[in-house]
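Working notes, beginning with the structure itself.
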Amino acid sequence: MTDNPSFLIKPNPEQLIQSAAARLAEYAEQCVAERGRFSFALSGGSTPKAFYELLADEPWRSNIPWKQTIILFGDERAVPHDDERSNYRMAAHALLHQVGILPENIWRLRGEAENLDEAAQEYEVRLNELDGQIDLNLLGMGPDGHTASLFPQSPVLTEMQRLCVSTPVAPLEPHVRRLTLTYSAINASRQVWIMVTGKSKAQRLQQVLEGEHDPHQLPVQGVHPLDGELLWMLDADAASGLHLNS
């Protein structure tokens with residue numbers, strides 16, 4: 001589905017997020033050395049939450065340049081920022097309130113906005129402050145093959161100009177509208193990590209990576225960084241259906 005993605009496969013989710021934390025710390029330091037900042041787009045979901053909780057603990061809390069880190073979000077639900085369904089709320093409790101990120105460097109999507117189209121346009125302005133290029137975009141994969149809030153057969157899948165858009169009501173829980181980064185924003189990232197764990201994702205992952213290429217039905221297949229790197233981060237259960245070359 002992409003040109004030469006890389007794979008990191010670990011026996012269980014705990015070892016996977018430990019390896020991810022070590023990679024993130026090294027990469028963040030590299031970005032700060034090269035550009036003076038590290039921009040990191042967060043994902044929702046249970047595995048990312050465990051990853052964020054790990055990053056908020058030692059040694060990572062002290063070994064990552066948080067004061068030079070800009071936090072973004074790949075998507076957000078159309079709910080208040082303190083709603084339990086909010087990706088921002090989850091990340092704030094798991095990570096953002098625990099480390100030394102400057103408040104002005106937390107760029108959240110305004111899911112509570114009355115006009116979601118305006119909120120998406122505002123976020124696009126923020127993204128352009130990074131020259132449209134995020135250092136690290138962390139994604140997951142839903143059971144239907146969606147990523148961020150790019151769902152199967154969604155009209156936003158064909159959006160090639162905008163970097164951030166509002167979506168129709170999501171087909172999965174919670175059934176609310178979303179704000180999401182588009183393929184244009186995701187594929188401009190310097191690195192994209194797609195983190196997938198669990199046996200329940202194995203069949204869908206095999207279809208995504210080894211089946212027919214149809215991003216309209218399996219939107220995660222549309223992730224292919226143009227000049228960046230794509231890394232699939234998997235535990236053994238999620239990878240159990242794959243036929244990867246040893």
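The values are calculated or read from the model by the stated rules, or taken from the named source; none is laboratory data. Keep in mind that this is a model prediction, so the values were computed, not measured. Every residue, glycine as well, gets a Cβ built from its backbone with ideal geometry; the counts of neighbours run over all protein chains shown.
All conditions in (1) in contact (Cβ under 8 Å) with a residue 60 or more places away in the chain; (2) in contact with a Ser or Thr (Cβ under 8 Å, 6 or more places away or on another chain) hold for Asn87, with the sole exception of (1). Within segment 59-67, is even one residue touching a residue at least 12 places away in the same chain (Cβ under 8 Å), charged (D, E, K, R) and either part of a helix (DSSP H, G or I) or closer than 19 Å to Ala20 by Cα (or both)? Yes, because at least one residue in segment 59-67 is touching a residue at least 12 places away in the same chain (Cβ under 8 Å), charged (D, E, K, R) and either part of a helix (DSSP H, G or I) or closer than 19 Å to Ala20 by Cα (or both). Pairs only if they're at least six apart or on different chains, beta carbon under 6 angstrom, first in segment 231-242 and of a type outside the set (A, V, I, L, M, F, W, C), second surrounded by 17 or more Cβ atoms within 10 Å (Cβ to Cβ); list them, first residue then second. As it stands, the answer is Asp235/Lys10; Asp235/Pro13; Asp235/Leu16; Asp235/Thr197; Ser240/Ala202; Gly241/Ala202, since those pairs meet every condition given. Each residue in segment 24-78 was checked for being buried (at least 19 other Cβ atoms within 10 Å of the Cβ) and under 22 Å from Ser184 (Cβ atoms), and 17 pass. Taking segment 171-187 as the range and being farther than 18 Å from Pro225 by Cβ, in a loop (DSSP other than H, G, I, E, B) and in contact (Cβ under 8 Å) with a residue 24 or more places away in the chain as the test, the residues that pass are Pro171, Leu172, Pro174, Val176, Arg177.
The requirement of being in a strand (DSSP E or B), in contact with a Pro (Cβ under 7 Å, 6 or more places away or on another chain) and crowded, with 22+ Cβ neighbours inside 10 Å is satisfied by Leu138. Inside segment 141-161, residues that are surrounded by 16 or more Cβ atoms within 10 Å (Cβ to Cβ) and over 19 Å from Gly211 (Cβ atoms) make up a count of 5. Restricting to segment 171-191, name every residue that is of a type in the set (A, V, I, L, M) and at pLDDT below 95. Across segment 171-191, the qualifying residue is only Leu172.
Residues that are among the hydroxyl-bearing types (Ser, Thr, Tyr) and assigned to a loop (DSSP other than H, G, I, E, B) within segment 218-246 comprise just one, Ser246.
More than 27 Å from Ala28 (Cα to Cα), touching a residue at least 60 places away in the same chain (Cβ under 8 Å) and not hydroxyl-bearing (Ser, Thr, Tyr), is that true of Val79? Spelling it out, Val79 is indeed more than 27 Å from Ala28 (Cα to Cα), touching a residue at least 60 places away in the same chain (Cβ under 8 Å) and not hydroxyl-bearing (Ser, Thr, Tyr).
Tell me whether segment 20-36 contains one or more residues that are outside any helix (DSSP H, G or I) and either basic (Lys, Arg) or more than 22 Å from Gly132 (Cβ to Cβ) (or both). No - not one qualifying residue is present in segment 20-36.
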